[in-house]
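The values are calculated or read from the model by the stated rules, or taken from the named source; none is laboratory data. What you are looking at is a predicted structure, and each value in this text was computed from that prediction instead of being measured. Counting neighbours? That spans all protein chains shown, and the Cβs are built from the backbone with ideal geometry, glycine included. Please note that ligands, DNA and RNA were not included when accessible areas were found on the heavy atoms of the full protein model with its side chains. Shrake-Rupley method; radii C 1.70, N 1.55, O 1.52, S 1.80 Å.
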Amino acid sequence: MSDSLFVRYLSHVREALGQVVPDLPPAIVARVEVTPTRDPSHGDLATNAALLVAKVARRKPADIAADLACVLESVPGVASAQAAGPGFVNLKLAPSVLQEVAAQVLRAGESYGDSQVGAGTTVNVEYVSANPTGPMHVGHCRGAVVGDALANLLSKAGYGVTKEYYINDAGAQVTALAWAAYWRYLQAIGTPLTQDEFAALVPGGIQYGGDYLVPVGEELAQRHGTSLAAEGGRPAPVDVWMKTVRTETVARMMAMIRADLEALGVHHDVFTSEAKILADGETDRAIDRLAAKGLIYEGVLEPPKGKLPEDWEARPQTLFRSTEFGDDVDRPLRKSDGSNTYFANDIGYHADKIARGADVLIDVWGADHGGYVTRMKAAVAALGQDGKPELDVLLCQIVRIVRDGQPVRMSKRAGTFVTLRDLIDEVGRDAVRFTMLTRKADAQMEFDLDQVVAQSRDNPVFYVQYAHARCCSVLRGAAELAQAGRLAGDLSVEALSALDLSGLSSDAELALLGRMAQWPRVVESAAIAHEPHRIAFYLQELAADFHALWNRGRDDAALRFLHEDDAELTRTKLALVEATASVIRSGLRVLGVEPVKEMR
RNA sequence: GCGCCCUUAGCUCAGUUGGAUAGAGCAACAGCCUUCUAAGCUGUGGGUCGUUGGUUCGAAUCCAACAGGGCGCGCCA
């Protein structure tokens, strides 16, 4: 059993605390923390224990801290313990404790950092969920990456994770798409109509004019001949073709979207169709259940304040009592034509997710859907029981694409840089993924096309991958030496993990080991907070520690990794390098970024 | 008009859920480096954490008000 270093010392601290201040309420003991120190001069670990219990113990924090330090001094692996500041206790660890971290990493491999915090809890992460009306737009990209990385992160933390895509294939958008595809079909069979003549027949005009529907029309023509049209290639009544064109076009669009997701390295476990949920009557049943709880009624809403929609008129409608759950106003479930609002269908969808049994639901949405969060949480609270399941909505802010410091116009008409595919083709999947995770999801972000491909310190993608490549380069060098008979000893990971690592004693080496010791902690806290960007930041810090050590080797030959005259020392250093590479891989895996072996 | 999100160094952003003297990178400044481990290194300066109150041992973090930016506000998803 190899507990994280922080967990181990936390229990030591709690034990010591019990000796210094007996009979503490468990609620207070639970809040005791052991954290990394911010300043290396404070040692390796710090605890806030004395500050927390001072009030209950009716003693000064500093005095308790002094007593605690006294007890902790004698804990194995503690080099020194000191009371500091307003009542912290700082622990400096013996180098052997940190050296053991490397061995622990090597034994666990990429599973180092795996946690059990989520064991027994199932999470459904729903993300992307772009309308099936065309290829993926760069606007979808951030949510796709954030959701995917979050799902990976939760898995690593022990949660049972389902990655889900919600297909919005029931709304008016899809009908508009079908009209547009139908036009391409008519063209394919040689209709005499001009585009304008046809557009005049379409409610709302042709909304999807993109070329990507041309092959869809051709395929429809191939499969159905002229059977979807009237005499002479003229448009047939809607009931002749709509259903067919709609389903087949949506299927084609989803295939396109899946290919885009594939290019981004995103894989969902479940694709759920809005139309299917509606057709199966799940939406109606969910609303019936709400009605049974007295949460549905017919009523008239106050007009919205400020600018009124031009055609606004008071009318009675079917409303959900979201105000019972903290919303400002009750929310409508039916449009004036009697069909469901998006919200109503989303209630059905979430009821379906709840029925499938997740303990936690996570929705990843664009920031423009922010206004729906409260009502959706209200609906989930109403459908669930005793606050279960919990719904967390992650809002992803808009990404501004920038080149040469100038925003890149993403105009559909100009056809410049609208699709996700364009972006991936230009900078690569890894750069896209990593960069999307270098900001908190709800913070605005600039995506600089020049910077993300730059091979320099200020490009985090490069910086982290370069650290891994450097590790691999050292390991390759070692293998070559061994091959040439100039390096003795077993270089396998198993052998390295069994070595005495006391040779790793410089500040830079210990700092790197200390950073690796934090990895399990970072995984847990990021998973609990639903913040995958923390992984990206941790990797930058880990890479920085490794590069710093590497650079020390320029001046101080003793800090280099390969020493032809000392095989034992070399193997010790290789253990550190291998461990570093392993943690970087483990982190990049969470982000869905390839750990490259060399930079080209 | 109302609601939600945001405001931290010149710029782009972190800040481990309330902890110590608020941190990185870039830019600026000062040295070093012309290969010893390619795509530099080391150091320095830089802050009223939007403003004002409040909560407490302790606030960038929680609460209230105000200022500025973004998003949204029946029948778009």
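The local environment of residue A:371, defined by Cβ-Cβ distances under 12 Å, has a net charge of -1 under the rule Lys, Arg +1 and Asp, Glu -1.
In summary, the lysines within cross-link reach of residue A:597, defined as a Cα separation below 20 angstrom excluding same-chain residues under 8 places away, comprise A:573.
Angle of helix A:238-264 to the longest C-alpha principal axis of chain A, folded into 0 to 90 degrees and rounded to 10: 20°. Here the peptides A:124-134, A:152-162, A:551-561 are ranked by packing, the mean other Cβ count within 10 Å, and the order with the highest first is A:124-134, A:152-162, A:551-561. Computed extension length for residue A:336-residue A:255: 25.8 nm, one decimal, from 0.36 nm per residue of separation with the Cα-Cα distance subtracted. Near residue A:448, the amide H atoms lying under 5 Å from its own belong to A:402; only residues 5 or more places off or on other chains count, and H is placed 1.01 Å from N.
Distant-in-sequence amide contacts of residue A:566, defined by a placed amide H-H separation under 5 Å and a gap of 5 or more residues or a different chain, comprise nothing.
For chain A, the longest principal axis of the alpha carbon atoms and the long axis of helix A:460-483 meet at an angle near 50°. With a cut-off of 19 Å on the backbone N, the residues of segment A:471-496 near the modelled label site 7 Å out from residue A:567 along Cα-Cβ are A:475-496.
Within a Cβ distance under 15 Å of residue A:286, other residues only, what is the Lys/Arg minus Asp/Glu net charge? Cβ neighbours under 15 Å give a net charge of +3.
Straight-line cross-link partners of residue A:243 among the aspartates and glutamates, defined as a Cα under 20 Å from its Cα and at least 8 positions apart when in the same chain: A:169, A:218, A:219, A:231, A:274, A:280, A:337. Summarising the strand pairing of chain A, around 50 percent of its internal DSSP beta bridges are antiparallel. Taking chain A as the reference, fit the longest principal axis to its C-alpha atoms, fit the long axis of helix A:95-108 to the helix C-alpha atoms, and give the angle between the two in degrees, 0 to 90, nearest 10. Computed tilt is about 40 degrees.
Taking all protein chains in place and a 1.4 Å probe, what share, in percent, of the accessible surface of segment A:5-93 do carbon and sulfur account for? Answer for segment A:5-93: carbon and sulfur cover 54 percent of the accessible area.
Separation of segment A:1-75 and segment A:491-568, taken as the distance between their Cα centroids, equals 27 angstrom.
Rounded to whole numbers, the Karplus 3J(HN,Hα) couplings from phi for segment A:112-122 are 4, x, 4, 10, 10, 4, x, 4, x, 10, 9 Hz, using 6.51 cos²θ - 1.76 cosθ + 1.60 with θ = phi - 60°, and x at Gly and Pro. Packing order of peptides A:361-369, A:33-41, A:325-333, highest average first: A:361-369, A:325-333, A:33-41 (average count of other Cβ atoms within 10 Å over each peptide's residues). Pairs from the table (A:293/A:353; A:92/A:156; A:163/A:388) lying more than 24 angstrom apart at Cα are A:92/A:156.
Scanning residues 5 or more positions from residue A:160 or on other chains, those with amide H under 5 Å from its amide H are A:120, A:121, A:122, A:123, with H placed 1.01 Å from N in the peptide plane.
A 1.4 Å probe run over chain A, with the rest of the protein chains in place, finds 46 Å² accessible per residue. Shown in residue order for segment A:222-232 are the 3J(HN,Hα) couplings computed by the Karplus curve 6.51 cos²θ - 1.76 cosθ + 1.60 at θ = phi - 60°: 5, 6, 10, x, 9, 5, 8, 10, 8, 3, x Hz (x for Gly and Pro). Would you please classify the overall shape of chain A from the alpha carbon gyration tensor, given that a ≥ b ≥ c denote the square roots of the eigenvalues, rounded means a/c under 1.5, and beyond that prolate means a/b larger than b/c while oblate covers the rest? Judged from the Cα gyration tensor, chain A comes out oblate (a/c at least 1.5, b/c at or above a/b).
Computed packing ranks the peptides A:534-547, A:575-588 as A:575-588, A:534-547, most packed first, by mean other Cβ atoms within 10 Å. A simple rule links phi to the HN-Hα coupling: the Karplus curve 6.51 cos²θ - 1.76 cosθ + 1.60 with θ = phi - 60°, which for segment A:420-427 gives 4, 4, 4, 5, 5, 4, 6, 10 Hz, with x for Gly and Pro.
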